[in-house]
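The values are calculated or read from the model by the stated rules, or taken from the named source; none is laboratory data. Fair warning: this is a prediction, and the values are worked out from it, not measured in the lab. Cβ atoms come from the backbone with ideal geometry, glycine included; neighbour counts cover every protein chain shown. To get the accessible areas, we keep the full protein, side chains included, count just its heavy atoms, and leave off ligands, DNA and RNA. Shrake-Rupley method; radii C 1.70, N 1.55, O 1.52, S 1.80 Å.
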Amino acid sequence: MEGVVKILFALAPVAWTAAAAGYFGVFLRDDPGTARWARRLLVAAILVHLGVFAARAAAGFQPIASGALVASGMGLFCGIVYLWLERRIARGSAGVFAAGSAALLVVGSHALGDPLAVPGKAFPQGGGAVHIIVAAAGYAGLLLAAVFGGLLLAQRRALRKRTFGLFWERVPSLELLDAFTAGSLLAAAVFLTGTIGLGHMLRRAAESPGPYADPKIVVTNVLWALTLSVALLRRYRRIGAGGAAASAIALFALALANLVVVNRISPLHGDV
């Protein structure tokens, strides 16, 4: 089974690169046939990636056991969230940006990661591992929201300055980018809600839960509250598309700071 893990681990970056290439074809030529093949490649990449985690579990390893595998999981959820959005919005012209982001995460993390990684003493297991997986999904939603939001702001600026060219002609319309940004924020809010809920459950079950005022807990709760607020404000048109796009970028920046900076000074999470 360990051999299967290694094979699937090596195939995942190839599958994600193929999916990104497929959606690049859609970006260049948005026709039903190309979009259909790109969607199939994306589904195949997701299945291969899920196979990596399933094979690790079957071999007796924790599915996510290192920072590299967490980043890999973020790439996986980028693809899953985008596939859900594409089915809702029924347009695949923005897929190259989502599949490309996922491919970068997967290729980079698999180049640095170990397919048979074993978690260190401080790395959560059981319910704690599920908590991390759901958090990775929430952060993936924020990444997509920031990507689509950045494209929306850039496209709007290009239209105001009357900037033309192949790239700007192929970038999705402001309406589509707004829909993808809002949908990504909604997905992030849902997963972050799950993260907060699991975190509270795990803390109550712990023998020594530690202080609730832990920096990571505080910032994660703030990130969740802000994400939920922006998602709801945009859904009910209480904030404009540009404001939601800028907020999405700021929220992802906060999420990165939470991962890179706050995590290091957190007594509960600093060693993970």
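Note on region 245-256: residues that are out of contact with any Leu (no Cβ under 7 Å at 6 or more places or on another chain) and open to solvent by less than 40 Å² (accessible area, probe 1.4 Å) amount to 1. Under 17 Å from Ala136 (Cα atoms) and either at pLDDT 95 or above or within 23 Å of the chain's Cα centre (by Cα) (or both) - does that describe any residue in region 227-237? Yes, there is a match, as at least one residue in region 227-237 is under 17 Å from Ala136 (Cα atoms) and either at pLDDT 95 or above or within 23 Å of the chain's Cα centre (by Cα) (or both).
For Leu159, the test of being modelled with pLDDT of 85 or more, open to solvent by less than 20 Å² (accessible area, probe 1.4 Å) and out of contact with any Phe, Trp or Tyr (no Cβ under 6 Å at 6 or more places or on another chain) is failed. Within region 3-10, at least one residue is open to solvent by less than 30 Å² (accessible area, probe 1.4 Å) and among the aromatic types (Phe, Trp, Tyr).
Assess whether Leu11 counts as being in a helix (DSSP H, G or I) and either free of Cβ contacts under 8 Å to residues at least 24 places away in the same chain or under 15 Å from the mean Cα position of the chain (by Cα) (or both). No, not satisfied.
Of everything in region 42-63, what is open to solvent by less than 10 Å² (accessible area, probe 1.4 Å) and either of a type in the set (Ser, Thr, Tyr) or in contact with a Gly (Cβ under 8 Å, 6 or more places away or on another chain) (or both)? Give them in sequence order. The answer is Leu42, Ala45, His49.
With respect to Arg203, determine if the residue is at pLDDT 85 or above, out of contact with any strand residue (DSSP E or B) (no Cβ under 6 Å at 6 or more places or on another chain), open to solvent by 40 Å² or more (accessible area, probe 1.4 Å) and basic (Lys, Arg). No: the conditions fail for Arg203. Taken over region 86-101, the residue count meeting the criterion of being more than 17 Å from the chain's Cα centre (by Cα) and surrounded by 22 or more Cβ atoms within 10 Å (Cβ to Cβ) is 1.
Just one of the listed residues (Phe123, Phe148, Phe191) is at pLDDT below 90 and among the aromatic types (Phe, Trp, Tyr), namely Phe123.
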